[in-house]
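Everything on this sheet refers to the single structure shown next.
The values are calculated or read from the model by the stated rules, or taken from the named source; none is laboratory data. Values in this document were obtained by computation on a predicted structure and should not be read as measured data. Neighbour counts run over all protein chains shown; Cβ positions are idealised from the backbone, glycine included.
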Amino acid sequence: METNSMSRVPDRDEESTIDLLELARVIWGRIWFVVLGFVLGAVMAFSVTKLFITPQYEATATIYIFSKTTSITSLADLQLGSQLAEDFKIIATTRDVVESVITELNLDTNYESLVGRITVTNPNNSHMLRITVRNEDPDTAASISNALSEKLREQIADIMNTDKPSTVQRAVVPTQKSSPNTMRNTELGALIGALLVVAILVIRYLLDDTIKTDDDVRRYLGLDTLAEFPFIKGQTKQVKKPSNRGSRSRQSQRQSAVRTAPRSQPNAASRGRHEAK
């Protein structure tokens, strides 16, 4: 028996294909939700940054790895100085140097906690070392940076059996916080909020398998639609119930008819008797 030519088997590739244009229309139709997620994300990120994240300050001291009495006379000395700079970066964060700073400044911390706040860099492979300390108190950050640079100079002089390296610049008390970046966190929170709303809309679109249009009928059921009945939102068929006032009036009429019927019959009978007489 031949199958009906009008029926069509749905294509699997068609079912698995995502209509990007329709998805874009769905997102555009809910653009206010995306804007709301953008605003809420920005407000939440700004509030968390301001209320729950402690500001951090950075102070930097710079030393020159050669002392005042060191004379650089050849290229070999310059190359040696570059190699020593890398060695001195390691010495700056050794336990002896860091714990001596903790003892000198009477800090309420330990070696592991403080060493995580210290950054020693050798900018552009120069003969300088920059010792940066991060702390929530700007005065403490400057004090630790200066004390650490001084201890490093003493340690280098003992190891190299030379004079102390020269100080290029002492750390000053920072006036601006280094972190957190409120503007960047706010922008990032707004972006995350908008993307989260878009992701929710996309997931709802992909999980929604209800049939809404005739195209959905052809796509998922392989059938052709013969007619469409529009549905107008807000207009529902309501059955009017008889009011109590009308039922009471009809009931009272029935009772009055019943009451008046017996009275009329005797009158007619008596009227017949009088006529017979």
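Quick check: anything in the stretch 17-34 closer than 24 Å to ILE203 by Cα, modelled with pLDDT under 85 and of a type in the set (S, T, N, Q)?
yes
Could you count how many residues in the stretch 138-167 are surrounded by fewer than 19 Cβ atoms within 10 Å (Cβ to Cβ) and within 37 Å of the chain's Cα centre (by Cα)?
The total comes to 2.
Tell me, yes or no, whether the stretch 168-183 has at least one residue that is surrounded by 15 or more Cβ atoms within 10 Å (Cβ to Cβ) and part of a helix (DSSP H, G or I).
Looking through the stretch 168-183, at least one residue is surrounded by 15 or more Cβ atoms within 10 Å (Cβ to Cβ) and part of a helix (DSSP H, G or I).
Given the criteria part of a helix (DSSP H, G or I) and closer than 30 Å to VAL39 by Cβ, does LEU191 qualify?
On the way: part of a helix (DSSP H, G or I): yes; closer than 30 Å to VAL39 by Cβ: yes.
Taking the combined requirement at face value, the residue satisfies it.
Hey, among the residues in the stretch 92-137 that are among the hydroxyl-bearing types (Ser, Thr, Tyr) and part of a helix (DSSP H, G or I), which one's nearest to the chain's Cα centre (by Cα)? Spell out how you get there, then give the answer.
Restricting attention to the stretch 92-137, the residues satisfying the condition of being among the hydroxyl-bearing types (Ser, Thr, Tyr) are 93-94, 100, 103, 109, 111, 113, 119, 121, 126, 132.
Restricting the remaining residues to those that are part of a helix (DSSP H, G or I) gives 100, 103, 111, 113.
Working: SER100: 43, THR103: 43, TYR111: 35, SER113: 30 Å.
Step by step, filter the stretch 92-137, then rank; the result is SER113.
Looking at the stretch 64-75, is at least one residue surrounded by 11 or more Cβ atoms within 10 Å (Cβ to Cβ), at pLDDT below 90, in a helix (DSSP H, G or I) and of a type outside the set (D, E, K, R)? Before you say what the answer is, go through the steps one by one.
First, pick out the residues of the stretch 64-75 that are surrounded by 11 or more Cβ atoms within 10 Å (Cβ to Cβ): 64-67, 70, 72.
Checking which are at pLDDT below 90 leaves us with 64-67, 70, 72.
Among the residues that remain, those that are also in a helix (DSSP H, G or I) are: none.
For the stretch 64-75, residues surrounded by 11 or more Cβ atoms within 10 Å (Cβ to Cβ), at pLDDT below 90, in a helix (DSSP H, G or I) and of a type outside the set (D, E, K, R): absent.
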